[in-house]
Amino acid sequence: MSRLFRLAAACACVLGLLASAPASAERLKDLASIGGVRHNQLVGYGLVVGLDGSGDQTTQTPFTVQSIINMLGNLGVTLPPGQSLQLKNVAAVMVTASLPPFARPGQQIDVTVSSMGNARSLKGGTLVMTPLKGVDGQVYAMAQGSLAVSGASGAAPSGGKVTVNHLSAGRIPGGATVERSVPTTVGQGDSIFVELNDADFGTAQKVVDAINTMAPGSARALDGRQVQVRAPDDVNQRVAFLGRLEGLDVTPAIQAAKVIINSRTGSVVMNQKVTLQNCAVSHGSLTVTVSNEQQVSQPNAFGQGQTAVTNKGGVDIKQDGGNIFNVKGGTNLADVVKALNTLGANPLELIAILQAMKASGALRAELEVI
């Protein structure tokens with residue numbers, strides 16, 4: 001049994017114990033959000049200056065030169081026509097930020113700065129004042145400040161290079177100042193809407209029951225995601241009501257059985273409701289070996305030929321015998337993991353086996369590939 005499967009079996013045992021225990025309640029604010037209370041994305045184009053020779057190669061990024069000329073023109077510096085700028089300490093960047101709900105002018109938010117040219121590193125750079133716009137084209141924040149880049153790089157005289165983490169992007173904590181607020185309307189009239197993060201009719205009904213226990217007759221479910229709640233008209237009373245609402249304890253309904261497969265890394269994750277029926281599985285490994293051997297052909301001692309190098313290639317295909325395994329069904333995650341471990345397959349083979357089990361109907365779970 002491989003180390004990965006031993007770890008999966010241990011996790012399954014823990015999940016099995018948790019499954020036998022009563023489900024724990026969660027706060028409503030962890031399961032849902034209030035309708036209308038949302039973040040808004042901001043984006044801007046700017047320049048990072050002060051780099052140590054690791055900026056854009058201006059001959060290959062003409063937009064960087066154009067931006068520098070425009071910025072200098074706004075600052076009262078006029079360059080002669082046809083001037084060719086060869087700058088190494090400047091980089092063109094995209095600046096992104098998330099404007100939180102109820103943000104007011106003067107508040108500060110974090111920004112992410114990402115290179116859009118061929119700069120090698122943004123480490124040590126300073127972002128020049130950059131307007132951040134929303135989807136409506138209005139400026140909602142202004143960003144400026146020194147970048148924090150969590151990475152490092154080094155190069156040897158012989159040409160070797162080592163890079164740790166990513167150097168083409170960084171963050172500026174509190175690097176943008178909000179200049180315009182976004183009107184946020186909580187609810188319509190005397191009602192607000194509680195929107196579940198994951199649509200589920202059972203959880204929606206439990207949310208309704210919890211709210212009606214606190215305020216009888218105030219909540220009703222509109223569908224599997226949205227719950228309408230009557231709230232006080234007075235602003236102060238409505239804020240206090242929402243504070244109590246978000247603190248309610250709700251026991252979510254049991255989610256559907258699901259298996260998540262990451263085809264790039266070979267990771268397989270199952271939730272505790274995955275079950276398996278009896279089935280027979282046969283799998284074997286196929287190995288293809290391609291060889292190329294160089295041989296030297298020498299002419300005779302008194303011959304007129306020349307020495308020649310020839311390539312002798314070969315292809316060998318080997319397929320291990322595949323035994324048929326009887327996989328016993330399981331009604332909980334621990335039994336499923338134990339049954340899959342009997343196959344002795346590696347993670348990549350396990351992905352193919354799970355897909356075949358799903359197609360045959362033996363795997364009672366939703367299969368999702370990411």
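Quick rundown of the values:
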| item | result |
| --- | --- |
| Local electrostatic count at Arg364 - Lys and Arg +1, Asp and Glu -1, tallied over other residues with Cβ under 15 Å | +1 |
| Long-range amide H partners of Tyr45 with built H, under 5 Å | Val95 |
| Net charge contributed by nearby residues that have their C-beta within less than 12 Å of Ser150 (K/R +1, D/E -1) | +2 |
| FRET E, pair Gln298, Arg264, Förster distance 35 Å, beta-carbon r, rounded to 0.05 | 0.10 |
| Sites Arg104 and Arg244 - FRET efficiency at Förster radius 22 Å, r taken between beta-carbons, to 0.05 | 0.35 |
| Neighbourhood net charge (13 Å Cβ-Cβ; Lys/Arg +1, Asp/Glu -1) for Cys279 | +3 |
| 12 Å reach of a label modelled at Gln86, 7 Å along Cα-to-Cβ, counting backbone N of the range 29-70 | 58-59 |
| Gain on full stretching of the segment that runs from Ala148 to Leu348 - 0.36 nm per residue minus C-alpha separation | 68.2 nm |
| Asp190 paired with Glu368, simple spin-label distance in nm, labels 7 Å along Cα-to-beta-carbon | 3.9 |
| Using a Förster distance of 51 Å, the FRET efficiency for Asp209-Leu72 (Cβ separation, nearest 0.05) | 0.20 |
| Accessible area (Å², 1.4 Å probe, nearest 10) - His166 | 120 |
| Over the range 26-136 - Rg/Rh using Cα atoms and the Kirkwood inverse-distance radius | 1.13 |
| Spatially proximal aspartates and glutamates relative to Lys328 (Cα-Cα < 19 Å; intrachain offsets below 8 disregarded) | Glu349 |
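The values are calculated or read from the model by the stated rules, or taken from the named source; none is laboratory data. For clarity, every value in this text was computed on a predicted model and none was experimentally measured. With ideal geometry, Cβ positions are generated from the backbone for all residues, glycine too; neighbour counts draw on all protein chains shown. The accessibility values were calculated without ligands, DNA or RNA, using every heavy atom of the protein model including side chains. Shrake-Rupley method; radii C 1.70, N 1.55, O 1.52, S 1.80 Å.
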